[in-house]
Amino acid sequence: MLVPSPLMSTFVEARNIPSHVAIIMDGNGRWAQLRDLPRVAGHREGSRTVRRMVRACRRLGVKALTLYAFSEQNWERPEIEVDALMELLREFLLSERDEILGNGIRFNAVGNLGRLPGLVRAVLEPLKEASRDNDAMTLTLALSYGGREEIAAVARELARQVKAGEIDASEIDAELLHRRMPSLSVGDPDLVIRTGGEQRISNFLLYGLAYAELYFSNALWPDFSEHDLHAAIASFQGRERRFGLVGQDPRLLTIPPQARAANG
Ligand code: FPP
């Protein structure tokens with residue numbers, strides 16, 4: 001079955017929806033700059049896009065949506081911007097609470113959450129608790145998050161356990177590390193989208209990215225629409241994921257045009 005996108009020009013196949021979609025939401029500042037507005041106005045508009053994308057992913061049947069909302073490095077931004085982002089986050093958690101609970105969404109947060117202001121934690125923790133048994137979709141916000149920092153925290157805890165004699169160093173393998181990564185409790189991301197035109201990963205979900213499909217959109221995050229989301233998913237559906245193995249369907253093997261030309 002095909003699900004038509006709002007503009008009817010992209011078709012998303014209903015049976016091959018990526019289970020875990022992760023998004024690097026970039027371009028709020030530039031969106032504001034283009035309108036001679038303060039950067040915070042871009043973040044405010046960006047939080048409206050968050051709301052739209054949560055709804056769109058739920059409608060498509062995405063099982064997990066992880067959003068990079070604030071990186072560990074973002075603390076270095078001007079205080080006025082950090083404060084505004086924390087306020088927007090609190091507003092979002094308060095205003096979306098009913099919709100999250102009413103639609104069976106489990107809310108989660110990963111990152112160095114202890115660094116968040118008390119006013120944010122005071123709404124975040126109860127929402128996590130109230131939604132813990134929901135299973136329609138898991139919405140995870142990566143907050144004060146860094147992929148390297150997450151790996152380091154897991155390594156630190158494993159080292160402590162080895163020292164305490166709780167586990168043997170020989171038991172530490174890729175699977176054990178995977179099980180310990182908070183950001184991967186919902187499984188590896190299948191599709192990672194970055195908006196805003198840059199093509200980099202910026203310390204997001206490093207351990208889980210091993211076999212993720214990457215999609216880069218030129219849309220600035222506040223402009224990113226349901227149609228853009230469908231285009232990203234349609235692109236994902238057109239790819240053959242091989243996970244290091246040999247392809248199953250030779251028709252899906254993409255030979256880049258330059259390689260085809262160079263090989264006659
Ligand atoms: C990157 O854009 C975006 C962020 C650092 C923050 C993302 C925050 C939101 C989308 C709004 C609040 C979040 C929630 C969950 C309600 P940028 O500022 O780096 O943009 P630029 O590259 O154009 O400067």
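Okay, here's what the table says:
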quantity	calculated
Some residue of segment 12-19 being more than 23 Å from PRO189 (Cα to Cα) and either surrounded by 16 or more Cβ atoms within 10 Å (Cβ to Cβ) or free of Cβ contacts under 8 Å to residues at least 60 places away in the same chain (or both)	no
Qualifying residue in segment 96-115 (condition: surrounded by fewer than 19 Cβ atoms within 10 Å (Cβ to Cβ) and in contact (Cβ under 8 Å) with a residue 60 or more places away in the chain)	no
Enumeration of residues in segment 77-95 that are among the charged types (D, E, K, R) and surrounded by 14 or more Cβ atoms within 10 Å (Cβ to Cβ)	ARG77, GLU81, GLU87, ARG90
Matching option when the condition is within 15 Å of the chain's Cα centre (by Cα), part of a helix (DSSP H, G or I), within 14 Å of the ligand (Cβ to nearest atom) and not acidic (Asp, Glu), among MET53, MET86	MET53
Identity of the residue in segment 34-50, near the ligand (Cβ under 7 Å from one of its atoms) and not basic (Lys, Arg), that ends up nearest to PHE107 (Cα to Cα)	VAL50
Number of the exception - GLN73 against (1) within 14 Å of the ligand (Cβ to nearest atom); (2) open to solvent by less than 80 Å² (accessible area, probe 1.4 Å)	(2)
Pairs where the first residue, in segment 157-168, is of a type in the set (S, T, N, Q) and the second is assigned to a loop (DSSP other than H, G, I, E, B) and surrounded by 12 or more Cβ atoms within 10 Å (Cβ to Cβ), C-beta under 8 Å, 6+ apart	GLN161/ILE167
Flag for LEU119 being surrounded by fewer than 16 Cβ atoms within 10 Å (Cβ to Cβ), within 16 Å of the ligand (Cβ to nearest atom) and either over 13 Å from the mean Cα position of the chain (by Cα) or of a type outside the set (Gly, Ala, Ser) (or both)	yes
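The values are calculated or read from the model by the stated rules, or taken from the named source; none is laboratory data. As the structure is a computational prediction, the values presented were derived from the model and not from experiment. Glycine gets a Cβ as well: all are built from the backbone with ideal geometry, and neighbour counts include every protein chain shown. Protein only, heavy atoms only, side chains kept; ligands, DNA and RNA dropped before computing areas. Shrake-Rupley method; radii C 1.70, N 1.55, O 1.52, S 1.80 Å.
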